[in-house]
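Peer 1: Following this message is one structure expressed as structure tokens.
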Amino acid sequence: MLFILVVSLVIPTLSFAQEKGLEVAPGIPRSETLILENPEGRIANPGKFNLWGGGGGWSTGLQQIAFDALWYIDPDAGIEGKTWLNSLAAEPPVYNKSFTKMTAKLRKGIYWSDGVEFTADDVVYTVKTLAAHPEMSWGAAMKVNVKNVSAPDKYTVVFELSQPNSRFHALFTVRWCACYIMPKHIFEKQKDPVAFDFNPPVSLGSYVLKSYDTAGNWFLWERRQDWQRTTLGMLYGMPAPKYVLYIAPGPPEKRVMAQMNHELDVIHDIAPEGVVTLMKKNPTSKAWFDDFPWAHPDPTLPAVVLNNEKYPLNMKEVRWALTLAIDIVDVSMASYNGAATISAIQVPPTGHYLEWYFDPIQPWLEKFSLKVGGKPFYPYDSSIPFKIAEKVKKDLGYNVPSDPKEVKARLGYGWWKYAPDVAEKLLLSKGFKRDKNGKWLLPDGKPWKITILCEGEARPVMTRAATMIAEQWRRFGIDAQAEPIDLLWTRTSYGDYDASMIWNVETWGGHPDLFWFLESWHSQYYRPSGQATVSKNFMRFKSKKLDTIIDQLRRRDFNDPKCLDLGLEFVKLSVEEMPTIPIMSYNVFTVCDEYYWTGFPTAKNPYTDPVPNWANTKYMFVKIKPVKR
Amino acid sequence: MKNPFIGYILQRILQCIVVILIGTTVTFVIPRLVPATNPVETAIARAQMIGQYTDPKAVDEMRRVLTKLYGLEGTVFQQYVRYWGSLLRGDFGPSFSSFPTPVMTLIRVSLSWTAGLLLVTTILSWIIGTFLGGLAGYFGEKPWARTLEIIANTIRPIPYYIMALLMLILFSYVIPLFPRGGAFAIGLTPTFSWQFIRSVIIHAFLPALSLIVVGIGGWFQNMRILVSNVIREDYVVYAETLNISSRDILYKYVMRNAFLPQLTGLALQLGMIFSGALITEAVFNYPGLGFLAYTAILRGDYSLIMGITFFSIVAIAVGALIIDLLYPLFDPRVRYT
């Protein structure tokens, strides 16, 4: 009893009195600090900043504001109003005719944070070191692709490739990340570049490491005094925050609480309910869209990926039947509270893709038909986004725009009709039957069972979508279940699944080329179930027509306008075959607090992607301004 | 004549070693039997999942290199033999997911925080729960004893996650007395300074309080039931007829006999410290072993799983051994036979 009394008297004197708006840490003013969420959570080995050798973390600020790459492709409009951005390279890459040689001209006047100039020697050293150590990040890619790399002068790098590769530059071009350049003068002194901790890191970016949590929860960066000698500073001016803090704020409830207390300026992602709370309770919280659906659509396409090797999913009529048995309005409501940007085709409805792919393909989609019982059935429905909008308004009372252009930009262009009657006809045409309880039986008489794998608590939105789809398929008469598992990616890679709520379509966002994900769908990379896939062909789809499209893409320059035509051909093929059922873009509910900082990117001012773990968020730092308090 | 004491000790030590061997072997083999936990595929899948461009031409080369690097060549038995060779040299090998950081380096950082938090909270909740449970069990009819029981019965069924979150919301948001997470304040580095120690205490208060409150409930209930049974024993009734004071009966007869199973429970609970407290760490961003173990499983990090599990197995086995050896000191009825 005495002990309890003592504790209850002593503890209040130690109590932590949170003083708003003064200091983040001793000597670090809150008003000069931008605080962002690190979605990786706590980093297990925070003292390792050697990203090439298997670094401590990717979203600690290291790739965002300390490292730099040759090129960036912005998934949105780009800080200069164009999506291709030269960074460490002064110009885009130049290939020879046969795509066996690539030349990069580097920007002059860039310096490492320790005062050493950045030159072609750093790039050559990076490539040679990685090629010699294929266990390093990008190491295997360099070993396989690069025959030789040289620097004819201080600012020119010539890559000789071991085989033609018209997209070799993709390794050095940031989508979410890219192969960053190592400081030769630091790493060449190390015996083992893999084991080297690179602590403290030497920056090419505008910030240097000030301190970090040895337990892995936070990383504090300080603006370089010579910020003008970085690409960001040289091209766009001084980054406004003097300090940047990346923290692991914990579960979604804590992120909301932290932002309501103005202790977290940028939330990476929360559930739609969290966004609604912030929009209602915190007047300075801002999302990508200023009202419904709020979220930023990433250039990633979650889908119901079907194992095309497994019977009966190897029949396109069956895959189409499953598609027509999905009511996407209910899926959108269940997963995202309606705030999903749906996509009927195999490209994410984001950024410039609306004008490059969605606008041109609409007429084809409207005319596309399936042969059902000898008659054409037109499955595409462009009114679905408006149905979602109406349902959201009616059921949830959110403020949904009524301008059709806005509805399409926010909620998608259309999807496939909910037509279980047509789905039934398709199945009956392939020998499926219903039992006396109305449940579907395979042609061999066995009950038809499907399990949809999903990632459970790690990705609740996708799990909700999978659960709703499983319910709809059950209603249709299939014995369908959603199964949350932690090892979704590896199981799907091995083909140990029927259907998987996952994504294998990832695009640049800011460039129409689909090669980034599409190359691995070529049959040369096909791996049967039981073997792990090579990259993105989880669904084990093979097609001579697709091979031809990919082969043609390979032979063309990245910026060849014909690549867009080839991309559209791929879209049409994937509609006909439906190897996976595309659902929606990966909408990320990034919420920025304008209490201390203003000028974050939004749909009205889409100069870059606000999602804080993307490397191109560095462009945000030169556009945001402090709020005078 | 054989010394029964030596025989008893040797037998218990042998049991402990067998438990460690079996536990380690099972933990070694099981992840390797599930293809989806293959650390090479997990590393490649993780790279793809976070958006790293994986050149399909290079993926097979990545597989080959990582398989060799992680020591996964050969049969499971060959890997097992290599593993014991390293283990006996005190080397758990490098972590796969944080390659090539040694497993011991990762464990060391997390273990200090886990041990500090869970040792204190386990012992405190045991002492408080056992003591209050004993009192409530002996004075069962008194109003204050009933009140204690009602409080314990109310708290016990509350899921820990809810309890932790409630405390967080109440004491760091509604009444902002404590920080929302982490092990110490931003900007500080671990030193033996009052500023750092004070920060650690403040940051540990809410996680500790949540663990103690929930822990007390369990120990309280167990002790109360044990005492309720002991007070019906003949020797207690006899002591009461001899007009021995209630205080003496409570502490010398009742508590002393009833707390023996609690002691066993404490030993096992202390051994389980090495498993960490995943939910506590998730809610309070506390840098413990629980989250490290969870991440290791998700990433198929065999080395790290083995390292953490090995410590856990050894701790529990040794804890049980110590209790077995010390039990005769607490309970004279137990002999070394």
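The values are calculated or read from the model by the stated rules, or taken from the named source; none is laboratory data. Since we're looking at a predicted model, the values are computed, not measured. We place every Cβ from the backbone using ideal geometry, glycine too, and count neighbours over all the protein chains shown.
Peer 1: Which is at positive phi and either surrounded by fewer than 22 Cβ atoms within 10 Å (Cβ to Cβ) or without any contact (Cβ under 8 Å) to a residue 40 or more places away in the chain (or both), of A:G47, A:G61, A:G27? Quick ask: steps written out before the conclusion?
Peer 2: On the way: A:G47 fails: at positive phi; A:G61 fails: either surrounded by fewer than 22 Cβ atoms within 10 Å (Cβ to Cβ) or without any contact (Cβ under 8 Å) to a residue 40 or more places away in the chain (or both).
Of the residues listed, the single one that is at positive phi and either surrounded by fewer than 22 Cβ atoms within 10 Å (Cβ to Cβ) or without any contact (Cβ under 8 Å) to a residue 40 or more places away in the chain (or both) is A:G27.
Rundown of residues vs (1) among the β-branched types (V, I, T); (2) in contact with a strand residue (DSSP E or B) (Cβ under 8 Å, 6 or more places away or on another chain); (3) assigned to a helix (DSSP H, G or I); (4) more than 28 Å from A:K147 (Cβ to Cβ), yes/no style:
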site: A:H169; (1), (2), (3), (4): no, yes, yes, no
site: A:D192; (1), (2), (3), (4): no, no, no, no
site: A:A195; (1), (2), (3), (4): no, no, no, no
site: A:L204; (1), (2), (3), (4): no, no, no, no
site: A:V208; (1), (2), (3), (4): yes, yes, no, yes
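Peer 1: Checking B:L298 against (1) within 14 Å of chain A (Cβ to nearest Cβ); (2) at pLDDT 85 or above, which test does it fail?
Peer 2: All conditions pass for B:L298, except number (2).
Peer 1: Here are some residues: B:I305, B:I316, B:I323, B:I273. Which one is buried (at least 19 other Cβ atoms within 10 Å of the Cβ), under 22 Å from B:T105 (Cβ atoms) and away from chain A (no Cβ under 14 Å)?
Peer 2: Details: B:I305 fails: away from chain A (no Cβ under 14 Å); B:I316 fails: under 22 Å from B:T105 (Cβ atoms); B:I323 fails: under 22 Å from B:T105 (Cβ atoms).
Only one candidate qualifies: B:I273.
Peer 1: Please give the number of the condition A:T214 fails out of (1) in a loop (DSSP other than H, G, I, E, B); (2) modelled with pLDDT of 95 or more; (3) under 29 Å from B:I107 (Cα atoms); (4) touching a helix residue (DSSP H, G or I) at 6+ places or on another chain (Cβ under 9 Å).
Peer 2: It fails just one condition, (2).
Peer 1: Report, by residue number, each residue of region A:58-77 that is part of a loop (DSSP other than H, G, I, E, B) and either facing chain B (nearest Cβ under 10 Å) or polar (S, T, N, Q) (or both).
Peer 2: First pass over region A:58-77, keeping only residues part of a loop (DSSP other than H, G, I, E, B): A:58-61, A:67-70, A:74-77.
The answer is A:W58, A:S59, A:T60.
Peer 1: In this structure, is A:D486 over 29 Å from A:N337 (Cβ atoms), within 14 Å of chain B (Cβ to nearest Cβ), of a type outside the set (S, T, N, Q) and not in a helix (DSSP H, G or I)?
Peer 2: On the way: over 29 Å from A:N337 (Cβ atoms): no; within 14 Å of chain B (Cβ to nearest Cβ): yes; of a type outside the set (S, T, N, Q): yes; not in a helix (DSSP H, G or I): yes.
Judged against the criteria, A:D486 is not a match.
Peer 1: Run B:A282 past the list (1) over 15 Å from the mean Cα position of the chain (by Cα); (2) within 13 Å of another protein chain (Cβ to nearest Cβ); (3) over 29 Å from A:A258 (Cα atoms) and report the number of the one that doesn't hold.
Peer 2: (3)
Peer 1: If you don't mind, another one. Take the residues in region B:39-90 that are part of a loop (DSSP other than H, G, I, E, B) and surrounded by fewer than 14 Cβ atoms within 10 Å (Cβ to Cβ), then tell me which one is nearest to the other protein chains (Cβ to nearest Cβ). Give the steps one after another, and end with the answer.
Peer 2: The initial filter retains those residues of region B:39-90 that are part of a loop (DSSP other than H, G, I, E, B), namely B:50-55, B:70-75, B:88-90.
From what's left, surrounded by fewer than 14 Cβ atoms within 10 Å (Cβ to Cβ): B:73-75, B:88-90.
On the way: B:E73: 14, B:G74: 18, B:T75: 19, B:L88: 23, B:R89: 19, B:G90: 19 Å.
Checking each candidate, the answer is B:E73.
Peer 1: Looking at region A:251-275, which of the residues that are free of Cβ contacts under 8 Å to residues at least 40 places away in the same chain and among the aliphatic types (A, V, I, L, M) is nearest to the other protein chains (Cβ to nearest Cβ)? Please lay out each step first, then the result.
Peer 2: Step one: list which residues in region A:251-275 are free of Cβ contacts under 8 Å to residues at least 40 places away in the same chain, which gives A:251-254, A:256-258, A:260.
Now drop any that are not among the aliphatic types (A, V, I, L, M), which leaves A:256-258, A:260.
Working: A:V256: 10, A:M257: 5, A:A258: 6, A:M260: 8 Å.
Among residues in region A:251-275 that are free of Cβ contacts under 8 Å to residues at least 40 places away in the same chain and among the aliphatic types (A, V, I, L, M), the one nearest to the other protein chains (Cβ to nearest Cβ) is A:M257.
Peer 1: Could you identify the single residue in B:G133, B:G129, B:G140 that is away from chain A (no Cβ under 14 Å) and at pLDDT 90 or above?
Peer 2: Numbers: B:G129 fails: away from chain A (no Cβ under 14 Å); B:G140 fails: at pLDDT 90 or above.
None of the others qualify; the one that does is B:G133.
Peer 1: Applying the selection to region A:79-137, what residues are under 30 Å from B:F96 (Cβ atoms) and either under 26 Å from the mean Cα position of the chain (by Cα) or free of Cβ contacts under 8 Å to residues at least 24 places away in the same chain (or both)?
Peer 2: Selection gives A:T126, A:V127, A:K128, A:L130, A:A131, A:A132, A:P134, A:E135, A:M136, A:S137.
Peer 1: What residue, among those in region A:574-602 that are crowded, with 23+ Cβ neighbours inside 10 Å, among the hydroxyl-bearing types (S, T, Y) and part of a strand (DSSP E or B), is nearest to the chain's Cα centre (by Cα)?
Peer 2: Out of the qualifying residues, it is A:Y586.
Peer 1: Restricted to region B:139-170, and to residues that are among the small types (G, A, S) and in a helix (DSSP H, G or I), which residue is nearest to A:P252 (Cα to Cα)? First the steps, then the outcome.
Peer 2: The initial filter retains those residues of region B:139-170 that are among the small types (G, A, S), namely B:140, B:145, B:152, B:164.
Cutting the leftovers down to in a helix (DSSP H, G or I) gives us B:145, B:152, B:164.
Working: B:A145: 40, B:A152: 30, B:A164: 14 Å.
Per the stated criteria, the residue is B:A164.
Peer 1: I would also like to ask the following. Show the residue pairs that are 6+ apart or on different chains and have beta-carbon atoms under 6 Å apart, the first residue being within region A:483-503 and more than 16 Å from A:T467 (Cα to Cα), the second being part of a strand (DSSP E or B) and not aromatic (F, W, Y).
Peer 2: What qualifies is A:T492/A:S500; A:T492/A:I502; A:W503/A:T300; A:W503/A:L301; A:W503/A:P302.
Peer 1: Can you find even one residue in region A:459-467 that is surrounded by 24 or more Cβ atoms within 10 Å (Cβ to Cβ), among the small types (G, A, S) and in contact with a Cys (Cβ under 7 Å, 6 or more places away or on another chain)?
Peer 2: Checked against the condition, which is being surrounded by 24 or more Cβ atoms within 10 Å (Cβ to Cβ), among the small types (G, A, S) and in contact with a Cys (Cβ under 7 Å, 6 or more places away or on another chain), region A:459-467 yields at least one hit.
Peer 1: Looking only at region A:589-614, how many residues end up being farther than 11 Å from A:P75 by Cβ and in contact (Cβ under 8 Å) with a residue 12 or more places away in the chain?
Peer 2: Residues of region A:589-614 farther than 11 Å from A:P75 by Cβ: A:589-600, A:602-605, A:607, A:612-613.
Restricting the remaining residues to those that are in contact (Cβ under 8 Å) with a residue 12 or more places away in the chain gives A:589-600, A:602-604, A:607, A:612-613.
Residues meeting the conditions: 18.
Peer 1: What number of residues within region B:167-192 satisfy the criterion of being under 26 Å from the mean Cα position of the chain (by Cα), more than 25 Å from A:I43 (Cβ to Cβ) and surrounded by 16 or more Cβ atoms within 10 Å (Cβ to Cβ)?
Peer 2: Count: 2.
Peer 1: Which condition breaks for A:I345 when tested against (1) aliphatic (A, V, I, L, M); (2) over 19 Å from A:I502 (Cα atoms); (3) in contact with a helix residue (DSSP H, G or I) (Cβ under 8 Å, 6 or more places away or on another chain)?
Peer 2: (2)
Peer 1: Which of the residues that make up region A:514-528 are surrounded by fewer than 18 Cβ atoms within 10 Å (Cβ to Cβ) and either in a helix (DSSP H, G or I) or at the interface with another protein chain (Cβ under 9 Å from one of its Cβ atoms) (or both)?
Peer 2: Across region A:514-528, the qualifying residues are A:S523, A:Q524.
Peer 1: Tell me, which residue of region A:12-24 that is surrounded by fewer than 21 Cβ atoms within 10 Å (Cβ to Cβ) and at pLDDT 85 or above is farthest from the other protein chains (Cβ to nearest Cβ)? First the steps, then the outcome.
Peer 2: Narrowing region A:12-24 to residues surrounded by fewer than 21 Cβ atoms within 10 Å (Cβ to Cβ): A:12-23.
Those left that are additionally at pLDDT 85 or above: A:22-23.
Numbers: A:L22: 13, A:E23: 8 Å.
Among those residues, the one meeting the criterion is A:L22.
Peer 1: How many residues does region B:120-157 contain that are surrounded by fewer than 15 Cβ atoms within 10 Å (Cβ to Cβ) and touching a helix residue (DSSP H, G or I) at 6+ places or on another chain (Cβ under 6 Å)?
Peer 2: Selection size over region B:120-157: 1.
Peer 1: Right, next: Name the strands (runs of 3 or more DSSP E) wholly within region A:293-390 that hold at least 3 residues that are surrounded by 23 or more Cβ atoms within 10 Å (Cβ to Cβ)? Steps first, answer last, please.
Peer 2: Working: elements: A:296-298, A:300-306, A:370-372, A:375-377.
Qualifying strands (runs of 3 or more DSSP E): A:296-298, A:300-306.
Peer 1: Oh, and also: I'd like to verify a number: residues in region B:91-109 that are part of a helix (DSSP H, G or I) and touching a helix residue (DSSP H, G or I) at 6+ places or on another chain (Cβ under 8 Å), how many?
Peer 2: We begin by selecting, within region B:91-109, every residue part of a helix (DSSP H, G or I); these are B:103-109.
Next, from what is left, pick out any that are touching a helix residue (DSSP H, G or I) at 6+ places or on another chain (Cβ under 8 Å): B:103-104, B:106-107.
Summing the residues that are part of a helix (DSSP H, G or I) and touching a helix residue (DSSP H, G or I) at 6+ places or on another chain (Cβ under 8 Å) in region B:91-109 gives 4.
Peer 1: Taking interchain pairs and intrachain pairs at least six residues apart, which have beta carbon atoms under 6 angstrom, with the first residue in region A:234-250 and away from every other protein chain (no Cβ under 14 Å) and over 20 Å from B:A282 (Cα atoms) and the second in a loop (DSSP other than H, G, I, E, B) and among the β-branched types (V, I, T)?
Peer 2: Pairs that qualify, where the first residue is away from every other protein chain (no Cβ under 14 Å) and over 20 Å from B:A282 (Cα atoms) and the partner is in a loop (DSSP other than H, G, I, E, B) and among the β-branched types (V, I, T), are A:A240/A:I624.
Peer 1: With the requirement that a residue be in contact with a helix residue (DSSP H, G or I) (Cβ under 6 Å, 6 or more places away or on another chain), within 10 Å of chain B (Cβ to nearest Cβ) and more than 20 Å from A:D609 (Cα to Cα), what does region A:498-513 give you?
Peer 2: Listed by number, the list holds a single entry, A:I502.
Peer 1: I'd like the full set of residues that are surrounded by fewer than 20 Cβ atoms within 10 Å (Cβ to Cβ) and assigned to a strand (DSSP E or B), limited to region A:129-167.
Peer 2: A:K147, A:N148, A:S150, A:A151, A:P152, A:D153, A:T156, A:V158, A:E160
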